[in-house]
Each structure stands twice: as C-alpha cells, then as structure tokens.
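Q: Mind looking over this structure? Questions follow.
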Amino acid sequence: LQTRYQEMPEPKFMYGSHYSSPGYVLFYLVRVAPEYMLCLQNGKFDHADRMFNSLAETWKNCLDGATDFKELIPEFYENDSSFLVNSLKLDLGKRQGGKMVEDVELPPWASGPDDFLQKSQEALESQYVSEHLHEWIDIIFGYKQKGSEAVAAHNVFHPLTYEGGVDLNSIMDPNEKVALLTQILEFGQTPKQLFTIPHPRRIIPKLKSLSRTSSHSGSVTESPVSPNEESFEDLTEESITLAWNNIAKLKLDEQYKIHKEAITGIAVTCNGSSVFTTSQDSTLKMFSKESKRIQRSVSFSNMALSSCLILPGDTTVISSSWDNHIYFYSIAFGRQQDILMGHDDAVSKICWRDGRLYSASWDSTVKVWHCVPGETLSSKKHHFELLAELEHDVSVNTIDLNAANTLLASGTKEGTLSVWDVPTATVLHQTQCLNMLCCFFFFSFFFCTDSRHLLSTGEDCSFKVIDVQTGMLISSVSTDVPQRCFKWDGNTILSGSQSGELLVWDLLGGKVIERIKGHTGAVVSMWMNEQCNSAITGGEDKQIMFWKLQY
C-alpha cells in the first residue's frame, strides 16, 4: 500500500476503500436486517463466501487484505447478540466447501454469542484501551485525520470520503452530480474533524495494591513484590492510597477561634507541633498544638495577609500581604526578618520550591525570585534576585507548580488559566475556564501528582479538569455552591465549601460521596499532611478546625 501511494499521482490516497460505509454496516447486520442488504444488492444476497461467516476470517481479511479495512460496529459492544445468529432461518447461500451460511463462527474463547459480547465489552473498558483511546480519537476525529499528520500516520483515504473533498456546486451536469453523490454515499464517509490538536489521555484511576474494600477486611490484591521487598516509598504511597479511599471518614478533632477575620492561609511545621495562620485581620499567628494556645501574634501592617508558607528547616515563615509586600518572619528569633517589596498591588499567593519564591499579584504579574535565605542572626538579610516576570492582562488570583517545578499554572480574576514553561518563562497555552462576561474568578487549582492534569474551582460553581499538555478542558463537574479550596489525589476531591461543609467528591462519577459538617461560614483555606490522614481548615467564621481520619 505504501509503495502504491508513493508512486501514485496527486491526489494520492493510501486506501482505495473505506472503514465505514452502508455496505460494511449491513455486512455485519444481514441476519437481522436482510431487507436493507437486498435493497443495496439489487434483490440478492452477496456471494456466500463473502458474507459475515466468521470472526477469524473477517479479522484476517482486514489484517492481511489490501482492500478490506472495515471497522467494527457498535453492536459488538452492546447487549443484543441476535446479529450473530441466523434466527430468521435465512437462505444465505452455500459456501465453496458445501457448508450452508448459518450463525457466525465465534472465537474459541467465547462460549456463545452473549458471552462474546460481554467479553468484548470488558475488553473495550480495559486499562489498555483507556490508556490508548485518545490515539484512536486522533486518527478518526482528530489532528491525524487530515494533512501532513495523516500522511505520517498512513491515514489517507480517497478524497471523496472527506467533508469538502469535492465542490458539488461546481459540477453543472446533473447526471455527473447524481453519480458523484451516489459514489460518496456508498463508498463511505470520514467523520467531521473535531480536533486539530492531540487529544488528551483519559483520566484513569491508578490501580494500587491496596484494594478499595473496607480497611477492616484487610483485603489486599496479589502483588509480585513481597512485603519484605517493598520500599519505604511504596508503603507511603499505599498508606496515602488507603487514606484517600477512606477520606469520607474524616472526623472533626478540635476547633479554635483564633482570628478576628477570615483565615487565608495555613502552614504547619514538619513535626506538626506549631500551626501558622494568616488572616484578613492582618495578623500572622502561631498556634501550639500541644498547649492548644496562641503562642505568637504578629502584625506586619494594617492590611490583610493572603497566604503563608514555612521554609525548609522550619526556621522562617513567609507571608504575602495586600500591601504589595512579602514578609519573612524568623521563628527562632520571633521577629520580622525581611521585607520583599516586589509588586505594585496586593500579593495574592506565594509558592516556594528549591530556593525560588513564586509570587502572584493583582498587578497582573507572577514573579520568580531566586532567594538566598539570610542566617538566623538579625544582621543577615535574605538576598533576592528577580529571575522572571510572567505578565498577564488582569489580576492573578492563584498559582501552582508541578512536581518537577518545570510548569507553573496561573489563574486570573477573569477566569483565564495559563500554563507557563518555567525554565524559559514562556506561556505554553491559555484556557478560558470561567465565564469572562460574568467576571467569575478562580479560588484555587492544583496539578495532579503526575502533572498531566489540573483541577480548578472558581465562582462559577464547578470543578474543571484541564489537560496540561494541550490546555483542553477534559471534564466539568457542577457544584451547588462555590467550592473555595480543595485537595485531590487525581480521582477523589476533598473540598471546602462556601456553605462551611467539607465535601468528598468522586471526580470520575461527578458526584458528592460525603458531606461533613464543619464551619459556620465558607471554608477558605485548607492544609493536609503528607500521609493525607489529617487536615486543618480555616474559615470565614475565624476558626481553625483540626480533622483526623478515623478508619
């Protein structure tokens, strides 16, 4: 086929017939719709040896033949197996060997027609198909359907099979036009091209060795790795999986009213003993988990603080403020250590990765700083070097980085999500996730652990999953009220609601699994430990709540 294609004059095509046409559909359905086949074949059935006699024969013809490229039809994955059985006792002819054409011969692994359909359905829903489904979409409906990509993929059919392949209005001879229309109808038609960029992979739940049964059963699926050979990372991953499988069992442990306004940020020391919170009341507070009391309260200015984080080593807390500044607070010395006057408007969110500070601001920029922490002596200051400035059209509300620190996602007040290549400081693509006309803005979004997807939530009362590679919106889940903050593992979401509840969501099912009563106002900030078995939430009710997983 390739040799013929290379030697063929324009317009070239790889395949002289198509994968979908009325004749091919009726080839499979002749036993249940014989009248349509007779209509197509001028009152006669096709030659007995060319009928749909056997799955093995049809497979071999498509695999090896130079003229047969027919695809399977939906009936192969439905529940009615009558098209495989000659229940109408039709006289479909006698084959060359003398055998009458009756029921379709099935593969040896199928005990009967119904079993064949059931196993076909299971194959279609298999992990392999889920992982490669987007490749088929690219070929049939996507960017490999036409043009140079189609040529590279050996996916070129006769020009008449493509939409717009011939200008019928330019043909003046009515007989020629009718003949051409008949040829197009009977020859087969390529579907309308829906996508011009690679389609994202399907979101697939990761299959862990721990089963999704109750933790009390102790049921574990077989694993080729013995318990003694499992690494610490494997055990940690399994404990995280177990935690997320039981996240609906999260219970309120303690709650404290520690601020005068809404709590905007939560950060916890490595040993879990101290909890730092920022608030719109302009204060940074240090709460002792052991003594259950506020140990420190710091006010840097009279403006609200928007977020906080703790630097590695638990020596310094960084807080972002609506007064355009970023404040560094020394835990050891109990005082302000540094001020970074880095923006021209409120700083909305900060992130820290590998000695770099990422700051988002209402001044329409995200800035990347190389930060060399000062020594604990008060005379030593941090040194800041501006590495990059990522410019936006409007205020930036939130940011997140992928695990490799190579991609940064930013969300604006007009609902535009941008994905940036951090090393080159260039935007890869932008997606209008929220309704710009209604001025919806992002509350929060985070990369998935594999960095392939982003999950966002905003004022438009929905979760949206975005493919990182293409910027394409993959799915959207509606929520009754806005979800202000969340954590997720790629499949399950724990969100803080405008209503004050914590909600557990099945993302793939698009539904709420559990509603957990919590704050009396909106939940606006959330922290979760590395093992994902405890959480802290902050609300507009000025309270922090401590949550524990109770298996």
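The values are calculated or read from the model by the stated rules, or taken from the named source; none is laboratory data. Everything quoted here is computed from the prediction, not taken from an experiment. Quick reminder, even Gly has a Cβ in these numbers, built from the backbone with ideal geometry, and neighbours come from all protein chains shown. When the accessible area is computed, the model is the full protein with side chains, heavy atoms only, and any ligands, DNA or RNA have been set aside. Shrake-Rupley method; radii C 1.70, N 1.55, O 1.52, S 1.80 Å.
Q: What Kirkwood radius, in Å to one decimal, follows from the Cα pairs of the range 35-119?
A: Result for the range 35-119 stands at 14.2 Å.
Q: On to the next question. How many percent of the accessible area of the range 1-187 is carbon or sulfur, using a 1.4 Å probe?
A: Reported share for carbon and sulfur atoms: 56 percent.
Q: From Cα coordinates alone, what are the radius of gyration and Dmax values for the chain in angstrom?
A: 31.0, 101
Q: Residues with beta-carbon under 13 Å from that of Asp253, excluding Asp253: net charge, scoring Lys, Arg +1 and Asp, Glu -1?
A: +4
Q: Expressed as an acute angle from 0 to 90° and rounded to the nearest 10, what is the orientation of the C-alpha long axis of helix 113-124 relative to the principal long axis of the chain?
A: Here the helix axis deviates by roughly 40 degrees.
Q: Given contacts defined as C-alpha pairs under 8 Å and at least six residues apart, what's the relative contact order of the chain, whole-number percent?
A: 9
Q: Same structure, new question: Counting only heavy atoms of the protein chains, get the accessible area per residue of the range 1-187 (1.4 Å probe) and round it to a whole Å² value.
A: Accessible surface, normalised per residue, equals 60 Å².
Q: Moving on to the next point. Taking the alpha-carbon distance from Lys70 and a cut-off under 24 Å, which lysines remain once sequence neighbours fewer than 8 residues away in the same chain are dropped?
A: Qualifying lysines at Cα under 24 Å: Lys12, Lys44, Lys60, Lys94, Lys119, Lys144, Lys146, Lys192.
Q: Moving on. Compute the Cα gyration tensor for the range 1-187, then decide on rounded, prolate or oblate, letting a ≥ b ≥ c be the square roots of its eigenvalues: rounded whenever a/c is under 1.5, prolate when a/b is larger than b/c in the other cases, and oblate in all that remain.
A: oblate
Q: Would you mind calculating the gained length between Lys89 and Glu238 on full extension (0.36 nm times residue separation, minus the Cα-Cα distance), in nm to one decimal?
A: Contour length minus Cα-Cα distance gives 47.9 nm.
Q: If you fit an axis through the alpha-carbon atoms of helix 174-187 and take the longest principal axis of the Cα set of the chain, what angle between them do you get, 0 to 90°, nearest 10?
A: The angle comes out at about 70 degrees.
Q: Follow-up question, since we're still on this one. Hey, what number do you get for the chain at 222 nm if only DSSP H runs of n ≥ 4 count, each worth -39500 (n - 2.57), divided across all residues, to the nearest 500?
A: Helix-only estimate at 222 nm: -5000 deg cm²/dmol.
Q: Sorted from largest down, what three extents in whole angstroms do the Cα atoms of the range 89-173 have along their principal axes?
A: 51, 45, 21
Q: In what sequence, highest mean first, do 129-140, 335-346 appear when ranked by Cβ atoms within 10 angstrom?
A: Packing order, densest peptide first, comes out as 335-346, 129-140.
Q: Which order do the peptides 388-399, 43-54 take when ranked by the mean count of other beta-carbon atoms within 10 Å per residue, highest first?
A: 388-399, 43-54
Q: Something else: Strictly over 21 Å apart at the Cα level, which of Lys464/Lys517; Lys487/Lys548; Lys285/Lys487; Lys251/Lys464 would you flag in this model?
A: Going by Cα-Cα distance, Lys464/Lys517; Lys285/Lys487; Lys251/Lys464 fall outside the 21 Å limit.
Q: Now for a separate question. Quick one: compute the contact order of the range 1-187, relative version, from alpha carbon pairs under 8 angstrom and 6+ residues apart, as a percent.
A: Normalised by residue count, the contact order of the range 1-187 is 26 percent.
Q: Could you list the square roots of 5 times each eigenvalue of the Cα gyration tensor of the range 410-551, that is, the equivalent ellipsoid semi-axes, sorted largest first and rounded to whole Å?
A: 26, 17, 14
Q: Tell me the relative contact order for the range 263-323 as a rounded percent, counting alpha carbon contacts under 8 Å between residues six or more apart.
A: Relative contact order for the range 263-323 comes out at 30 percent.
Q: Rounded to the nearest 10 degrees, what's the angle between the helix 127-140 long axis and the longest principal axis of the chain, both from Cα atoms, 0 to 90?
A: Approximately 70 degrees, to the nearest ten.
Q: Among Cys351, Asn175, Thr537, whose Cα lies farthest out toward the positive end of the dipole of the chain, if unit charges sit on the beta carbon of Lys, Arg (+1) and Asp, Glu (-1)?
A: Value computed over the given set: Thr537.
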